[in-house]
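Below is one structure, written out as structure tokens; comments come after it.
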Amino acid sequence: MALPKVSFVIINYNYGRYIAQAISSILSQDYAGFECVVLDNNSTDSSRDVVRQFENSDERLHIEYLDRNLNQMGGFLHVIDRLSGGWSVSSMPTISYLRTSLRFTSSFTSIAATVSP
């Protein structure tokens with residue numbers, strides 16, 4: 001069974017001290033079938049400078065900077081129509097063991113999960 005493409009969505013607001021680790025964690029997966037959308041929600045800390053370091057580093061990474069804060073749900077709704085994966089994950093924590101998780105959950109027709117830092 002082919003594993004699905006996964007869309008990671010990182011909605012960032014003033015997580016400058018964590019955002020590099022979150023992006024690096026996703027990009028270091030051994031599962032190649034993913035895209036990662038980083039949406040900066042008009043951060044006022046160092047977030048944008050940190051995220052800019054990742055620009056053009058990986059073709060699976062898409063970055064957008066908003067001029068106003070849409071909050072978490074508004075940010076997700078802002079990007080949802082552009083996601084190309086069969087599975088979408090929206091969270092800030094470090095992502096681990098993606099390949100194993102997908103094998104386990106691929107027998108389910110739908111799964112919803114919420115993770116909060």
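The values are calculated or read from the model by the stated rules, or taken from the named source; none is laboratory data. Because the structure is predicted, anything quoted here is derived from the model rather than measured. Cβ sites come from the backbone with ideal geometry, for glycine too, and all protein chains shown count toward neighbours.
Could you please give the count of residues in region 7-23 that are of a type outside the set (Gly, Ala, Ser), within 19 Å of residue 73 (Cα to Cα), under 15 Å from the mean Cα position of the chain (by Cα) and not in a helix (DSSP H, G or I)?
Step one: filter region 7-23 for residues of a type outside the set (Gly, Ala, Ser), giving 8-15, 17-19, 21, 23.
Retained after the next criterion (residues that are within 19 Å of residue 73 (Cα to Cα)): 8-15, 19.
Restricting the remaining residues to those that are under 15 Å from the mean Cα position of the chain (by Cα) gives 8-13, 15, 19.
If we keep only those that are not in a helix (DSSP H, G or I) too, we end up with 8-13, 15.
Residues in region 7-23 being of a type outside the set (Gly, Ala, Ser), within 19 Å of residue 73 (Cα to Cα), under 15 Å from the mean Cα position of the chain (by Cα) and not in a helix (DSSP H, G or I): 7 in total.
Can residue 65 be described as of a type in the set (Ser, Thr, Tyr) and modelled with pLDDT of 95 or more? So that I can check it myself, show each step before the final result.
Details: of a type in the set (Ser, Thr, Tyr): yes; modelled with pLDDT of 95 or more: yes.
It is true that residue 65 is of a type in the set (Ser, Thr, Tyr) and modelled with pLDDT of 95 or more.
On the basis of being in a helix (DSSP H, G or I), of a type outside the set (Gly, Ala, Ser) and within 13 Å of the chain's Cα centre (by Cα), does residue 26 make the cut?
It is true that residue 26 is in a helix (DSSP H, G or I), of a type outside the set (Gly, Ala, Ser) and within 13 Å of the chain's Cα centre (by Cα).
Which of the residues that make up region 1-51 are of a type in the set (Ser, Thr, Tyr), out of contact with any strand residue (DSSP E or B) (no Cβ under 9 Å at 6 or more places or on another chain) and touching a residue at least 12 places away in the same chain (Cβ under 8 Å)?
Within region 1-51, 15, 25, 44, 46 qualify.
Could you grab me the full set of residues in region 18-57 that are of a type outside the set (Ser, Thr, Tyr), exposed (fewer than 15 other Cβ atoms within 10 Å of the Cβ) and modelled with pLDDT of 95 or more?
45, 49, 52, 53, 55, 56
From the set of residues in region 29-60 that are under 14 Å from the mean Cα position of the chain (by Cα) and not in a loop (DSSP other than H, G, I, E, B), which is farthest from residue 85 (Cα to Cα)?
51
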